[in-house]
Amino acid sequence: APHAASTMRLTNPYPILVAFVALAAFNGADATTCISTTNPLDLSKDYFPASNRIAVDGTPAGSAEVTVAGDFSVTYHPYFKVLKNLKTSNTYILRMCGSDKPTKYPNGTAIESDAAHFSVPINGVAVGWSTPIPFFEQLDLMDKVRLADPTYVHSPCLQKAEEDGKIAVGNSSSFKAKAEATTDVELVMAGDAGPYGYGCQCAKDVIFGAPKDDTPLGRAEWIKYISVFFNEEDRANLIFSREKNAYEATIKLAESAAATHKAANGGTKKKCAWISETDYQSGSYKSWKIDSDAYKLMYCTDAGMEAVAVKSDVTYAKGTDELKTALADVDVIIDQSFWKEKSYDTKAKVFTELGFAESDLKTGAILLRTDKEISADKNSAWLESGVLRPAHVLQGLVHAVWPSAVAEIPGACFDYFRDITGTTIEAVNVKSHTACAAWESANKEAQCVTNIISDDEMALIRDSPAAKPSSIIAIVIALIVAVVGA
């Protein structure tokens with residue numbers, strides 16, 4: 001089936017080629033050459049030029065002060081930038097490498113005494129959990145990961161790096177101490193500041209909040225947060241822009257399919273519910289719940305369905321008909337339950353866990369599980385790359401619900417949803433380190449995201465001499481202008 005993204009084609013490529021020629025010579029100031037005796041600090045120079053700054057909707061390109069969805073803000077000064085995590089109130093002062101720690105802002109105000117200081121670009125990172133790994137992969141920064149805890153990681157390429165001995169490895173008992181003591185680890189990407197936040201609880205910790213964001217795209221936009229530490233903001237802008245365009249294009253396709261269904265069914269929309277286990281006691285979960293996490297409900301609505309939401313304190317006891325009754329009129333059920341010790345390879349096993357039979361579902365209903373992609377150690381891609389790739393998640397969900405609306409996920413990419421109620425239950429895809437090359441190639445070729453820009457035009461962008469990290473956003477802007485004016 002054709003890519004949904006390929007619906008927009010350029011009728012006149014020449015304005016774009018002219019734009020590329022004009023942009024090929026464009027390059028921002030060098031933010032990688034450290035300050036030294038031979039390259040002294042020049043306060044009249046802008047070490048973080050407008051062409052290499054975070055971009056957000058509603059803010060002029062190249063702004064010196066940028067706030068991203070109320071999650072974090074970045075302020076650019078001549079030789080240092082200030083990153084604030086607005087969810088945790090942490091402040092990070094990121095100075096050009098080789099320069100001294102700034103003590104005052106340009107207006108003379110003293111820098112916060114509790115601010116953490118880093119020299120950028122960062123050269124060594126420790127990651128003690130799985131979610132940040134795809135962000136580093138997309139930014140082409142995996143060579144900066146010096147230490148990792150692979151216990152719960154799905155990434156085939158991190159598995160390969162471990163297999164090849166290219167990264168140091170820690171586990172839940174050793175990671176903290178190793179991260180703090182390893183001299184080439186300059187930054188530790190933590191989930192929170194507590195003892196179970198995957199950090200070192202030391203001055204190297206940086207709190208990364210993507211999984212806690214309320215929207216699918218908001219979770220992905222945290223790629224910009226990581227990019228600031230590596231002077232890779234322009235690359236992050238491009239990655240997110242492509243993801244956002246693909247997500248919004250997929251919404252339109254889902255809306256069309258949903259409208260056709262609604263017209264044929266008396267104005268009724270399909271209902272969608274996410275379920276998971278809860279009430280953990282004595283080694284097992286005692287109840288089920290219908291999740292009301294905002295980003296999950298948004299996936300349902302953006303896929304053209306009515307999201308089923310209940311109060312967070314409502315649960316359904318196992319061993320009863322409570323869950324079956326609650327789901328009786330639901331068309332699409334997404335089951336997130338998963339135990340490494342259990343097998344979910346047959347319908348019988350899946351429905352035994354749920355406590356009811358497939359025949360108890362609404363006629364025509366489908367049951368999906370989020371375990372289609374796992375590692376050999378049974379670590380889930382859903383909890384990892386699923387955070388960064390909302391367009392990919394939505395494409396998989398829309399294809400499962402409206403199969404003719406969008407293309408199936410390419411084989412080299414990750415498909416998060418497994419259909420349990422089809423004629424034959426879909427098998428789990430187990431990805432080991434041997435899948436790294438295919439995964440890297442798929443990402444480089446943009447196979448794993450549908451885009452409103454056609455494949456040929458994306459290749460033109462990718463292969464252009466102007467397609468360097470310091471100018472890629474300008475290229476995309478020029479492309480959009482050319483499309484509108486063509």
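The values are calculated or read from the model by the stated rules, or taken from the named source; none is laboratory data. What you see is a predicted model, and the numbers here were worked out from it, not measured in a lab. Please note: Cβ atoms are built from the backbone with ideal geometry, for glycine as well, and neighbour counts cover all protein chains shown. With ligands, DNA and RNA removed, areas are computed over all heavy atoms of the protein, side chains included. Shrake-Rupley method; radii C 1.70, N 1.55, O 1.52, S 1.80 Å.
Is at least one residue of region 157-164 farther than 30 Å from A303 by Cβ, in contact with a Phe, Trp or Tyr (Cβ under 9 Å, 6 or more places away or on another chain), open to solvent by 20 Å² or more (accessible area, probe 1.4 Å) and touching a residue at least 60 places away in the same chain (Cβ under 8 Å)? No; the residues of region 157-164 include none that is farther than 30 Å from A303 by Cβ, in contact with a Phe, Trp or Tyr (Cβ under 9 Å, 6 or more places away or on another chain), open to solvent by 20 Å² or more (accessible area, probe 1.4 Å) and touching a residue at least 60 places away in the same chain (Cβ under 8 Å). Taking the condition touching a residue at least 12 places away in the same chain (Cβ under 8 Å), open to solvent by 30 Å² or more (accessible area, probe 1.4 Å), among the aliphatic types (A, V, I, L, M) and outside any helix (DSSP H, G or I), does V406 pass? Spelling it out, it is not the case that V406 is touching a residue at least 12 places away in the same chain (Cβ under 8 Å), open to solvent by 30 Å² or more (accessible area, probe 1.4 Å), among the aliphatic types (A, V, I, L, M) and outside any helix (DSSP H, G or I).
Kindly indicate whether A168 is free of Cβ contacts under 8 Å to residues at least 24 places away in the same chain and open to solvent by 30 Å² or more (accessible area, probe 1.4 Å). Spelling it out, A168 is indeed free of Cβ contacts under 8 Å to residues at least 24 places away in the same chain and open to solvent by 30 Å² or more (accessible area, probe 1.4 Å).
Scanning region 300-327 for residues that are touching a helix residue (DSSP H, G or I) at 6+ places or on another chain (Cβ under 8 Å), in a loop (DSSP other than H, G, I, E, B) and of a type in the set (G, A, S) turns up A303, G304, A309. Screening region 301-340 for residues that are in contact with an Asp or Glu (Cβ under 7 Å, 6 or more places away or on another chain) and free of Cβ contacts under 8 Å to residues at least 40 places away in the same chain and picking the one that is surrounded by the fewest Cβ atoms within 10 Å (Cβ to Cβ) gives K324.
Within the bounds of region 66-76, is there any residue that is under 24 Å from the mean Cα position of the chain (by Cα), part of a loop (DSSP other than H, G, I, E, B), more than 19 Å from P102 (Cα to Cα) and modelled with pLDDT under 95?
yes
If you go through region 119-131 one residue at a time, do you hit one that is hydroxyl-bearing (S, T, Y), farther than 21 Å from C436 by Cα and free of Cβ contacts under 8 Å to residues at least 24 places away in the same chain? So far as region 119-131 goes, no, none of its residues is hydroxyl-bearing (S, T, Y), farther than 21 Å from C436 by Cα and free of Cβ contacts under 8 Å to residues at least 24 places away in the same chain. Among the residues of region 218-265 satisfying the criterion of being more than 21 Å from V125 (Cα to Cα) and among the aromatic types (F, W, Y), which is nearest to the chain's Cα centre (by Cα)? The extreme case among them is F240. In the set S432, S471, only one residue is open to solvent by less than 50 Å² (accessible area, probe 1.4 Å), farther than 18 Å from I334 by Cβ, at pLDDT 85 or above and of a type outside the set (A, V, I, L, M, F, W, C); that residue is S432. Taken together, the residues in region 411-426 that are open to solvent by 10 Å² or more (accessible area, probe 1.4 Å) and either over 18 Å from the mean Cα position of the chain (by Cα) or in contact (Cβ under 8 Å) with a residue 60 or more places away in the chain (or both) amount to 8.
Tell me which residues, restricted to region 221-236, are part of a helix (DSSP H, G or I) and open to solvent by less than 10 Å² (accessible area, probe 1.4 Å).
The answer is I223, K224, Y225, I226, S227, V228, E233, D234, A236.
In region 342-359, is there at least one residue being in contact with a strand residue (DSSP E or B) (Cβ under 9 Å, 6 or more places away or on another chain), open to solvent by 70 Å² or more (accessible area, probe 1.4 Å), part of a loop (DSSP other than H, G, I, E, B) and under 20 Å from K289 (Cβ atoms)? Checking region 342-359: not a single residue is in contact with a strand residue (DSSP E or B) (Cβ under 9 Å, 6 or more places away or on another chain), open to solvent by 70 Å² or more (accessible area, probe 1.4 Å), part of a loop (DSSP other than H, G, I, E, B) and under 20 Å from K289 (Cβ atoms).
Residues that are under 25 Å from the mean Cα position of the chain (by Cα) and under 24 Å from V82 (Cα atoms), at least 2 per element: which strands (runs of 3 or more DSSP E) completely within region 96-183 meet that?
So the answer is 116-120, 125-127.
Among the criteria (1) open to solvent by less than 80 Å² (accessible area, probe 1.4 Å); (2) within 25 Å of H433 (Cβ to Cβ), the one K178 does not fulfil is (1). If only residues of region 78-95 that are assigned to a strand (DSSP E or B) and either of a type in the set (D, E, K, R) or open to solvent by 30 Å² or more (accessible area, probe 1.4 Å) (or both) are counted, the one that is farthest from V68 (Cα to Cα) is R95. When T363 is tested against (1) open to solvent by less than 60 Å² (accessible area, probe 1.4 Å); (2) more than 28 Å from D213 (Cα to Cα); (3) of a type in the set (S, T, N, Q), exactly one condition is not met: (1). A single member of T67, T59, T91 is among the β-branched types (V, I, T) and under 19 Å from S113 (Cα atoms), and it is T91.
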